[in-house]
Amino acid sequence: MSKITIQTLRQMKQDGEKFTSLTVYDYSFASVLDKGGIEVLLVGDSLGMVIQGRDSTLPVSLRDMVYHVRAVKRGAARSLILADMPFGSSQMGPKPTLKNAAALMKAGAAAVKLEGGSVMVKTVRYLVRRGVPVCAHLGLLPQSVNQLGGYRVQGRSDDDASRIREDALRMQDAGAFAVLLEAVPAPLARHITQALDVPTIGIGAGPDCDAQVLVLHDVLGIYPGGSPKFSKNFLAGAGTVQAAVQAYAKAVRSGEFPAAEHSFS
Ligand code: KIV
């Protein structure tokens, strides 16, 4: 099977074929996910919570990310590795962000993800023009938890919804290869997905996104802090990690996951 690239993902959207993504932070799990056909391995800054036991993603450093990207790279033969830009690594303007993104790509990432809307447009354009594929993360921005006052669904008011919609279009225009939508009402995610040529990747954004992503530890039901409403334990009933990953991928591709109970209206 050929290597997954950002062009593969765009083609899958054009063909109406859903793709799958899971977070992963180490060699062994990366190998399981890669062999299980997961198209995008997200080395998420959620590692701050599920690996390091911190109470948010904010303490994660670029060095932490580089360490985990290197480990994941060794287990990934086919999947595309997408690395999160941790808090503080993308907020200081285009040039320092390019330097930090380059560190992640030298470690093995094929693309980076950064949080933020209109304020990040210039930075996204700068990175893309210099060879760094960027996924824009909109909706609930965990790195802004202190600004938001908690992990809340975003885009419920008309103003908020049109801001997120506008941001998605601006990110596409700036060259983002995908837009990740976290914790937004399903109808808003559907609208954005239909309006964009680039794929949307949803987490808590309903069934109509072009792809879904979940935190691996939620899929396996092993995070002591509990799991959000929009995730599902696929290990229960599956028996093995490999079977759980395959059940997740099958449910996403068939449109069975996420169901109404995992979505916001
Ligand atoms: O870090 C992460 O795991 C993420 C997901 C919540 C999409 O960004």
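The values are calculated or read from the model by the stated rules, or taken from the named source; none is laboratory data. Just so it is clear, the structure is predicted and the values come from calculations on it, not from any experiment. All Cβ positions, glycine included, derive from the backbone under ideal geometry; neighbour counts span all protein chains shown. Accessible surface areas use protein heavy atoms only, side chains included; no ligands, DNA or RNA. Shrake-Rupley method; radii C 1.70, N 1.55, O 1.52, S 1.80 Å.
Summarise the accessible area of segment 181-265 (1.4 Å probe, protein heavy atoms) by the percent that is carbon and sulfur. Walk me through the numbers before you get to the answer.
Values: 1750 of 3370 Å².
Of all accessible area on segment 181-265, carbon and sulfur atoms account for 52 percent.
Calculate, for Asp197 and Gln242, the FRET efficiency according to 1/(1 + (r/R0)^6) with r their C-beta to C-beta distance and R0 45 Å; round to the nearest 0.05.
Working: r = 34 Å, r/R0 = 0.76.
With a Förster radius of 45 Å, E is 0.85.
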log10 of Debye I(q)/I(0), alpha-carbon scatterers only, for the chain at 0.08, 0.10, 0.14 Å⁻¹
-0.27, -0.43, -0.90
What percent of all Cα-Cα pairs in segment 148-265 falls in each 10 Å bin, counting up from 0?
14, 43, 31, 12, 1
Residue by residue through segment 3-13, what is 3J(HN,Hα) from phi via Karplus (6.51 cos²θ - 1.76 cosθ + 1.60, θ = phi - 60°)? Round to whole Hz and write x for glycine and proline.
5, 7, 10, 5, 5, 4, 5, 5, 5, 4, 4
Given H placed 1.01 Å from N in the peptide plane, which residues other than close sequence neighbours of Thr20 have an amide H under 5 Å from its amide H?
Glu39, Val40
Using Cα centres only, tell me the gap between segment 1-61 and segment 202-251 in whole Å.
12 Å
Residue-normalised accessible area of the chain, given per residue in Å² at a 1.4 Å probe:
43 Å²
Whole-Hz Karplus couplings 3J(HN,Hα) for segment 149-158, θ = phi - 60° and coefficients 6.51, -1.76, 1.60, Gly and Pro as x, run x, x, 8, 10, 4, 10, x, 7, 7, 4
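How large is the helix-only mean residue ellipticity at 222 nm for the chain, computed as the sum of -39500 (n - 2.57) over DSSP H runs with n ≥ 4, divided by its residue count, in deg cm²/dmol to the nearest 500?
Numbers: 11 runs with 108 residues, N = 265.
It comes out at -12000 deg cm²/dmol, rounded to the nearest 500.
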Virtual spin-label span in nm between Arg78 and Asp55, 7 Å along Cα→Cβ
4.3 nm
Which residue, Ser162, Ser254, Ser46, has the most motion in a Gaussian network model of the chain that connects Cα atoms within less than 10 Å?
Ser254
Could you run the Karplus curve 6.51 cos²θ - 1.76 cosθ + 1.60 with θ = phi - 60° over segment 160-176 and give me ³J(HN,Hα) per residue in whole Hz, x for Gly and Pro?
5, 5, 6, 5, 5, 4, 4, 4, 4, 5, 5, 5, 4, 4, 6, x, 4
Could you give the radius of gyration (one decimal) and Dmax (whole number) of the Cα atoms in segment 1-136, in Å?
14.4, 40
